[in-house]
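S.K.: The structure's right below; bear with me while I get my questions together.
FYI, it's all coordinate maths here, none of it is from the lab. On a predicted model such as this, the values are computed, not experimentally measured, just so you know. Note that each Cβ is placed from the backbone with ideal geometry, even for glycine, and that neighbours are counted across all protein chains shown.
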Amino acid sequence: MHDYKEAQNSIEDLRTQIDAIDEELVYLLNRRAEKSLGIRALKPKAKMGLYDPKREEEIFDRVSELNPGPLYSDDIRAIFATILKVSKEMRG
């Protein structure tokens, strides 16, 4: 019975930590989105196209290199592919 209660308490503690991390992620994703919108606004003045596949590959390569695990680099790439897709679809 003691192990059961201990496990439940540990799960609750870990969930609290995950909730705090989720809060940070939402904040950071919105900060990133603001910067992305800033770049989008400047690209026409810089005579740059809105879509830059070379830059996307640079981002994918960089985040893969930064990844210490336990997520696989393919998973990190998929997460960032979604972030970039949403960034392209943002109104701003």
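S.K.: I'd like the chymotrypsin sites (Phe, Trp or Tyr not before Pro) in the chain restricted to DSSP loop residues with at most 11 other Cβ atoms within 10 Å, sorted by number.
M.R.: TYR51, TYR72
S.K.: Give me Rg/Rg_expected for the chain, where Rg uses Cα atoms only and Rg_expected = 2.2 N^0.38 Å with N residues.
M.R.: Expressed relative to 2.2 N^0.38 Å, the Cα Rg reads 1.51.
S.K.: Helix 73-89 versus the longest principal axis of the chain: what is the Cα-based angle in degrees, 0 to 90, to the nearest 10?
M.R.: 50 degrees
S.K.: Could you give the length gained on full extension between ILE59 and GLU89, defined as 0.36 nm per residue of separation minus the Cα-Cα distance, in nm?
M.R.: Contour length minus Cα-Cα distance gives 9.0 nm.
S.K.: In whole Hz, with x marking every Gly and Pro, tabulate ³J(HN,Hα) for the stretch 15-24 from phi via Karplus 6.51 cos²θ - 1.76 cosθ + 1.60, θ = phi - 60°.
M.R.: Listing the rounded values in order: 5, 4, 5, 5, 4, 5, 5, 4, 4, 4 Hz.
S.K.: Right, something else. Treating cross-link reach as a plain straight distance, find the lysines whose alpha-carbon is under 27 Å from the alpha-carbon of LYS43, omitting any fewer than eight places away in the same chain.
M.R.: LYS35, LYS54, LYS85, LYS88
S.K.: Run the dipole for the chain about the Cα centre, Lys and Arg Cβ at +1, Asp and Glu Cβ at -1, nothing else charged, and hand back the magnitude in debye, nearest 20.
M.R.: Rounded to the nearest 20 debye, it is 1040 debye.
S.K.: Grab the DSSP H runs of the chain that are 4 residues or longer, score each as -39,500 (n - 2.57), total them, divide by all residues and round the 222 nm result to the nearest 500 deg cm²/dmol.
M.R.: -27500 deg cm²/dmol
S.K.: Quick check: the angle from helix 53-66's long axis to the longest principal axis of the chain, C-alpha only, nearest 10 degrees?
M.R.: Helix 53-66 sits at roughly 30 degrees to that axis.
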